[in-house]
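Trainee: Pasting a structure below so you can have a look.
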Amino acid sequence: MGVLDVEGVFLTKNGVPILNGLSLEVWEGHVHAVVGPNGAGKSTAASVIMGLAGYRDFEGDVLLGGESIKDLSVTERGRRGLTLAWQEPARFEGLSVSDFIGATLDAENREVIRESLDMVGLEPDDYIDRAVDKSLSGGERKRIELASILAMNPRVVVMDEPDSGIDVAALEHIFDNLDTLKERNTTVLLITHSPTVLRRAEHAFLMCCGRVVDKGSVDRIAPYFEQQCIPCDHKNRPEKDAAGT
Amino acid sequence: MPDLIEQLYASIGQNPHEIRDDESIARIEVHKNEVLGVHLVPGLEVDAEETEDGLDAAITVTRGTRIEKPVQVCFGMMPERGLQKIVLDIRIEDEASAAIIAHCTFPFAREITHTMDAEIRVGHGAEYAYFERHVHGPEGGVRIVPKTRVTVEQGGRFSTEFELIKGRVGTIDLELEATCKAHSVMDVKARIGGAGDDRINLNEIGRLIGEGARGALTSHIAVRDAARAEVLNTLTASAPFARGHVDCKEIVQDQAVAKAVPVVEVNHPKAHVTHEAAIGSVDTKQLETLMSRGLDEDAAAALIIQGMLS
Ligand SMILES: Nc1ncnc2c1ncn2[C@@H]1O[C@H](COP(=O)(O)OP(=O)(O)OP(=O)(O)O)[C@@H](O)[C@H]1O
Ligand SMILES: [Mg+2]
């Protein structure tokens, strides 16, 4: 049993099956990756895990620390230490970076806000009073999302494409932060289709058509993903024979 | 220091000494129809007359004068009931510049009407920034009726910001009409939070009549419980290179109702006006982001609304 388990999840949207018996077992303190082509259902899986609106009605179960969290609100999941870094984080008009990152911090822990900005490579003095709105670039917004997660210090974090919109230099910060999370014994589930990010994980799940088609060490999954999945023209269409995946 | 002045400043959360002991800060303090204090700086002229229910004042910033520190104005009423009628004639003469920070405070209001009729002229190349913050009590027994007419002369800059997020609104009927001549700039903002049975009515009209005039009408409003808000923003551009934007955001919770009618009118082919209006409940993705960090839904919504109104 993992710290986070997704058990046989089937989910349809507007009559279209999106998740088709998805199962994941995520081990405490390890970095895992979910890889798969566009449309495989990776972000949908993240939404189901977090219990977002529109993703609460499905067959199967999601467990945190062995207990079903299927009926828990997003807040309750957050309070139990499960969180999500969005693929495209929300923007908030007028909400300051410090209020955003510090949303759940006690008054005496405000220093954590600056530390977390520093950890994602953003100069605290330059960012702390800015708004988390459309004036931030996509990459800055992603880094502030990560800073808020570092400040929260979760037990399990699902990171949906942490590298999208991030330049090469900033990616190094993201990788350093993965190390930090691991040192803190935070369990990480990375969602990606980047071979570079995949290589940072220890274990990988290969997703296609809404389910896991292979899993194991990154050393084994990564070459298969790069050589077989990236060029594959199957592209999540189950009506084409899925036998090869 | 008279007791009433202490009370006025206390109600707006300010230390009177910080303002009153600084000779370089101009100020005017008015309680109901009584001028409690006036301190002027060079180039600022105030001719005030107490009337039966309020004050009739002409405020002039003389030609070329640049007043460094914002003029502090406080209009208030400590009793629960009454009427306060303020009539202002504000002239920022050519090339002059000044800012006013006005506090309107009715902390114990149960049945108070506050009207403000302002006629403003911002001269050639002059600059005028007005900020008005309202502090109301928890009962909502206030009716606020501000009516402003503004002319911004060539190259002038005018900005006004109305904030009512402390205490209950009661009823507000705000009207503003601004005419902007060539290469002038106007920036009109309102940020209002309503609850209970508050009524918020905004009617703002901007006319960009001069070449290269620029203007924005921005209204950010949050209503909850059974409050209602109606925003009518009209922006017309009738000269070449006039540029305007209307931005109306309203967040609605509970049984509250919000309505926005942006009217944009362009009658010159080289003028351009845009508008955006967003009315709805608190954005789900914003809510869920904060909730995924452990905030409960109400706290998350409050933080989002506080941001929008800031
Ligand atoms: N409301 C919906 N109705 C129909 N189909 C949907 C709906 N929401 C998502 N889908 C489909 O579900 C599939 C999975 O989407 P999802 O966003 O989970 O993919 P992903 O693996 O994260 O892809 P990417 O790599 O592009 O981020 C896609 O084909 C998408 O079009
Ligand atoms: Mg995705």
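The values are calculated or read from the model by the stated rules, or taken from the named source; none is laboratory data. Quick caveat: nothing in here was measured; it's all calculated off a predicted structure. Neighbour counts run over all protein chains shown; Cβ positions are idealised from the backbone, glycine included. For the accessible areas, the whole protein counts, side chains as well, though only heavy atoms, and no ligand, DNA or RNA atoms are used. Shrake-Rupley method; radii C 1.70, N 1.55, O 1.52, S 1.80 Å.
Trainee: Taking chain A as the reference, fit the longest principal axis to its C-alpha atoms, fit the long axis of helix A:138-152 to the helix C-alpha atoms, and give the angle between the two in degrees, 0 to 90, nearest 10.
Mentor: Here the helix axis deviates by roughly 80 degrees.
Trainee: Taking each residue in A:87-97, count the Cβ atoms of any other chain within 10 Å of its Cβ, then average. What number comes out?
Mentor: Taking all residues of A:87-97 together, the mean is 5.
Trainee: Roughly what would the spin-label model give for residue A:199 and residue A:130, points 7 Å off Cα along C-beta, in nm?
Mentor: Here the modelled spin labels are 3.0 nm apart.
Trainee: Can you figure out the FRET efficiency of residue B:175 with residue B:18, using R₀ = 51 Å and their beta-carbon distance, to the nearest 0.05?
Mentor: That gives a FRET efficiency of 0.95.
Trainee: Let me ask something else about it. Total Å² of accessible surface buried at the B-A contact, 1.4 Å probe, nearest 100?
Mentor: Approximately 2000 Å² gets buried when B meets A.
Trainee: How big is region A:55-201 by Rg and Dmax over its Cα atoms, in Å?
Mentor: 15.4, 47
Trainee: Here's another thing I want to ask about it. For region B:1-148, take the alpha-carbon Rg, divide it by the Kirkwood Rh, and send me Rg/Rh. Please list the in-between numbers first.
Mentor: On the way: Rg = 14.9 Å, Rh = 15.5 Å.
So for region B:1-148, dividing Rg by the Kirkwood Rh gives 0.96.
Trainee: Whole number in Å², please: accessible area per residue of region B:3-283, 1.4 Å probe, ligands, DNA and RNA not counted.
Mentor: In whole numbers, region B:3-283 has 41 Å² accessible per residue.
Trainee: Mind checking which of B:10, B:256, B:71 is farthest towards the positive end of chain B's charge dipole, using Cβ charges of +1 (Lys, Arg) and -1 (Asp, Glu) about the Cα centre?
Mentor: Ranked along the dipole, the leading option is B:256.
Trainee: Treat each spin label as a single point 7 Å out from the Cα along the C-beta direction, and report the residue A:27 to residue B:203 distance in nm.
Mentor: Rounded to a tenth, the inter-label distance reads 7.1 nm.
Trainee: Using a 1.4 Å probe and ignoring any ligands, DNA or RNA, find the accessible area of residue B:207 and quote it in Å² to the nearest 10.
Mentor: Solvent-accessible area, nearest 10 Å²: 80 Å².
Trainee: Once ligands and nucleic acids are excluded and a 1.4 Å probe is used, how much of residue A:57 is accessible, expressed in Å² to the nearest 10?
Mentor: Near enough 130 Å² of accessible area.
Trainee: Kirkwood hydrodynamic radius, region A:1-108, all distinct C-alpha pairs: what's the number in Å?
Mentor: 15.4 Å
Trainee: While we're looking at this one, here's another question. Compute from the Cα atoms of the protein assembly as shown the Rg and the Dmax, the latter being the longest Cα-Cα distance, and quote both in angstrom.
Mentor: Taking only Cα atoms of the protein assembly as shown, I get Rg and Dmax of 28.7, 90 Å.
Trainee: Based on the Cβ-Cβ distance of residue A:106 and residue B:189, what FRET efficiency does E = 1/(1 + (r/R0)^6) give at R0 = 35 Å, to the nearest 0.05? Working shown, then result.
Mentor: Numbers: r = 33 Å, r/R0 = 0.95.
So, using R0 = 35 Å, E works out to roughly 0.55.
Trainee: Please report the projected area of region B:3-283's Cα convex hull averaged over all directions, in nm².
Mentor: So the Cα hull casts an average projection of 13.8 nm².
Trainee: Turning to a different aspect of this structure: Rounded to the nearest 10 Å², what accessible area does residue A:152 have for a 1.4 Å probe in the complete protein model?
Mentor: Surface open to solvent at residue A:152 totals about 30 Å².
Trainee: Sticking with the crude label model, points 7 Å out along Cα→Cβ, report the distance from residue B:40 to residue A:227 in nm, one decimal please.
Mentor: Label-label distance for residue B:40 and residue A:227, simple model: 8.9 nm.
Trainee: Something else about it: I want to make sure I understand the PRE zone here: with the label point 7 angstrom from the Cα of residue B:263 toward its beta carbon, which residues in region B:181-214 have backbone N atoms less than 14 Å away?
Mentor: Only B:202-208 pass the distance filter.
Trainee: Now for a different question. For region A:110-152, state what percent of all Cα-Cα pairs lands in each successive 10 Å bin, counting from 0 Å until the bin that includes the largest distance.
Mentor: The distribution over region A:110-152 is 33, 61, 6, given as percents.
Trainee: If you split all Cα-Cα distances of chain A into 10 Å bins from zero, what percentages do you get per bin, shortest first?
Mentor: Using 10 Å bins, I get a P(r) of 7, 32, 36, 20, 5, 0 for chain A.
Trainee: Moving to a separate point now. What's the carbon and sulfur percent of region B:3-283's accessible surface, probe 1.4 angstrom, rounded to a whole number?
Mentor: Carbon with sulfur: 46 percent of the solvent-accessible area.
Trainee: For the ranges B:85-97, B:30-42, A:154-166, what's the packing order if you count other beta-carbon atoms within 10 Å of each residue, average per peptide, and put the highest first?
Mentor: On the way: B:85-97: 19.6, B:30-42: 16.6, A:154-166: 22.3.
Output ranking for B:85-97, B:30-42, A:154-166: A:154-166, B:85-97, B:30-42.
Trainee: Length gain on complete extension for the stretch residue B:230 to residue B:69, per 0.36 nm per residue less the alpha carbon to alpha carbon distance?
Mentor: Between residue B:230 and residue B:69, full extension yields 54.5 nm more.
Trainee: How many Cβ atoms of partner chains, on average, are near each residue of B:294-306 if near means within 10 Å of its Cβ?
Mentor: Numbers: counts 14, 6, 6, 3, 1, 3, 4, 0, 0, 5, 5, 2, 3.
Going residue by residue through B:294-306 and averaging, the value is 4.
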